[in-house]
Each structure stands twice: as C-alpha cells, then as structure tokens.
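Remarks on the structure that follows.
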Amino acid sequence: MRSVYRVLLSFSLVVMNAAIPTAWAAGPVVRAERVAPDVWFVQGEAAMGSSANRNFVSNAGFVVTGEGVVVIDALGSPELGDELVAEIRRVTQEPIRWVVVTHYHADHVYGLQSLQAAGARVLGHPAARDYLGSETAQRRLATSREELFPFVDETTRLVAPDVWMDGEETVLRLGRREIVVRHGGPAHTPEDLVVLVRDAGVLFAGDLVFRGRIPYVGNADSRKWIASLDALIAWRPTVVVPGHGPASTAPVVDLALTRDYLAHLRRTMGEAARNLEPFDEAYAKADWSRFESLPLFRAANRMNAYNTYLLMEQEAVK
Ligand SMILES: [Zn+2]
C-alpha cells in the first residue's frame, strides 16, 4: 500500500518538477555536519512537519566513541531514521549502542524504530511515562499517520525506552569518551534530557534551545524552562546543538533568543492575566516586533502566547 502511494507521490513531484527547483521537490536531505572531532549532527528544516519535507524539521546528533556510537534523537519518521543510520555508516562502522531521546515529541521520535533495528538501545527519562501511556500520544500518532503519510503510516510505532534513566544524571562511559546525560526538565517537556560530550564541550540541548525560528512552547513550564537555560549557560559548553536550527559556537548569545522569547511571553501575558485583560486584546497590543520576522512566527506565536496566558492565569492564583 505504502509503495503505491510513494509512486503516486513521486510521480506528482516529477510533474511539479517542471516548474519548481529540484532542491525543493526532493525535500531536505539528511546530511551529517561535524561540530567537533567525531561529534556530528543533522539539521532539519525551519518549518512545520509536512509530507513535502518528510517531517524533517528537527535535529539529531551522534558521537563516535571508539567503542560504539551514541545517537541523540531519531528524527521524525522511520525513513529519516534509516537515513540517519546511513549517515552514521558513512562516518564509522562502530556498532550503534544507544539512542538518547531528548523528549517524546513526534518530530524527534518517529525514527526510533529504525535506530532500534540498527542495534541501538533507547534511553529515556521516566517522566515520559505519562505521555507514552496517554490518549494524547495515540491521537497524535493517528493524526501524524494522516498528515505525514506516507512517511508516517500504520507501520510507524511509538517506541518506549528500553532503559529508563535512573536519577537525574547518567554517564555513558564508552571508549575514550564520557557522555553525560542529564535531566533538563521539566522545561519544554517533563522528560527533557540534555547530553554533554564532556571532552569536546559539545552540548546537545534538545528543545530547550531553538535557533532561527520561533520556539514551540506547547504546554511547557516556561518558568522552569528559563531556569534550565540558565543552568545550561552555566555549564559553559563550547558548542551547543539545539533541537531546531544551526549549531552554535557562541552559546551565551545564541541561547538568548529562546530565553528572551519565553521571558517576553511571560511578561506580556502575565501582565494581562493579572489585570484580567482578555487574551485577544492583550495579544493585539503586545509588541512582537523583535520576533515577527522569524520563521514560524505566524504558525506558532499566537498559540504560544495563548498557552502562556493560561499558564500565567494559573501562576497568578497560586
Ligand atoms: Zn522539536
């Protein structure tokens, strides 16, 4: 069934090819970039997930240790997961030992089954248990099977961790490297994990950090998220790989976008919630000029503001 749709889809892309540039028609390509010796990442598009971009809208990374590979996140479909494995194989033949899940959002986890099939054990934080057992997760998968078809379909599964992290920090000691996996949540999600490759000073920050686009706030606890960002800055990494957008070699400056955006949402919506001002009025009157030219502003800002307004109402009554 899937292959029939694939043929149809590629046929329609061929037809469209006559009028549009090839790069767009082919969609973004999973291509590993080196950020430090034996530390790599792949960068998704700054866009909403769709069949046109194959849900390649988030980043993933991998670290070669001399005794195996540790992967961070699995991308947004089994096919992208396979392509990530292929990119790893272009760099090294070492076994793929682990895949660390920074959080259970669709664009980071629908490729897990491919990594698991390639031999990786899935490591996640126990705070993901609630989401994994929830109706919301099942509904989200059902929606994705429609919206992201044929890249996410009935064979795509939500893969739970093989190993649940015990405590707030785990150190994976493999070969010449120490890879520190630390609970960074609750921030963007309850289960956020961040991964530090200690010798290289490379920090994989998951969705605690967005670059080059408006962050996705969802049901996040933005107060704790800001505190977690401050903790990351205090770690003084040399390179930060965000969950979305390019890697940063100037973390203090580059982490500021996410931090300032969250603080701005909290300030404007907090004032409105305290003054019992209706959301629509508060939204219309807020100054968005610093953020409105960023990709996904139109798609995400109003919902982020509304979620923050609700959060600030709750915080106000506490
Ligand atoms: Zn994400």
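The values are calculated or read from the model by the stated rules, or taken from the named source; none is laboratory data. Quick caveat, the model's predicted, so the values are computed rather than measured. Backbone-built Cβ (ideal geometry, glycine too); neighbour counts: all protein chains shown. Each accessible area value is taken on the protein alone, full model and side chains, heavy atoms only, with ligands, DNA and RNA left out. Shrake-Rupley method; radii C 1.70, N 1.55, O 1.52, S 1.80 Å.
So what is the relative contact order of the chain, in percent, for Cα pairs below 8 Å that sit 6 or more residues apart?
14 percent
Label segment 102-170 by shape, choosing from rounded, prolate and oblate, from the square roots a ≥ b ≥ c of the eigenvalues of the Cα gyration tensor; if a/c is under 1.5 it is rounded, and otherwise prolate applies when a/b is larger than b/c, oblate when it is not.
The shape class here is oblate.
To the nearest 20 debye, what charge dipole does segment 178-318 have about its Cα centre, counting +1 at the Cβ of each Lys and Arg and -1 at the Cβ of each Asp and Glu?
160 debye
Is the shape of segment 205-288 rounded, prolate or oblate, going by the alpha carbon gyration tensor and its root eigenvalues a ≥ b ≥ c, with a/c under 1.5 for rounded and a/b larger than b/c for prolate?
prolate
So what's the chain giving for Cα Rg divided by 2.2 N^0.38 Å, two decimals?
So the chain has a normalised radius of gyration of 1.00.
Return the carbon/sulfur percentage of the accessible area of the chain, one whole number, probe 1.4 Å, all protein chains in place.
Of all accessible area on the chain, carbon and sulfur atoms account for 54 percent.
Keeping every protein chain present and rolling a 1.4 Å probe, give me the accessible area per residue for segment 84-171 in Å².
45 Å²
Quick one: compute the contact order of segment 149-296, relative version, from alpha carbon pairs under 8 angstrom and 6+ residues apart, as a percent.
With pairs under 8 Å counted, the relative contact order is 18 percent.
How charged is the neighbourhood of Arg177? Take every other residue with its Cβ under 10 Å from the Cβ of Arg177, and add Lys/Arg as +1 and Asp/Glu as -1.
That works out to -1.
Considering the dipole of segment 77-149 built from charges on the beta carbon (Lys and Arg +1, Asp and Glu -1) around the Cα centre, which of His103, Gln138, Val122 is farthest to its positive end?
In segment 77-149, that residue is Val122.
Using unit Cβ charges (K, R positive; D, E negative) and no other charged atoms, how large, in debye to the nearest 20, is the dipole of segment 106-261 about its Cα centre?
380 debye
Rounded if a/c is under 1.5, else prolate if a/b is larger than b/c, else oblate: which is segment 135-184, with a ≥ b ≥ c the root eigenvalues of its Cα gyration tensor?
prolate
If packing is taken as the mean number of other Cβ atoms within 10 Å per residue, what is the order of 125-131, 153-159, highest first?
Ranked from most to least packed, the peptides come out as 125-131, 153-159.
How big is the antiparallel share of DSSP beta bridges in the chain, given as a percent to the nearest 5?
Of all bridge pairs located within the chain, approximately 65 percent are antiparallel.
Which residue, Trp225, Asn307, Phe291, has the largest displacement toward the positive end of the dipole of the chain when charges sit on each Cβ (Lys, Arg +1; Asp, Glu -1)?
With unit charges placed on the Cβ atoms, the residue in question is Phe291.
Would you work out the charge dipole size for the chain about its Cα centre, treating the Cβ of every Lys and Arg as +1 and the Cβ of every Asp and Glu as -1, and quote it to the nearest 20 debye?
360 debye
How do the peptides 137-145, 307-315 rank, highest first, by the average count of neighbouring beta carbon atoms within 10 Å per residue?
Listed from highest to lowest mean packing, they are 307-315, 137-145.
If you take every DSSP beta bridge fully contained in segment 186-318, what fraction is antiparallel? Give it as a percent rounded to 5.
Expressed as a percentage, antiparallel bridges in segment 186-318 total about 45.
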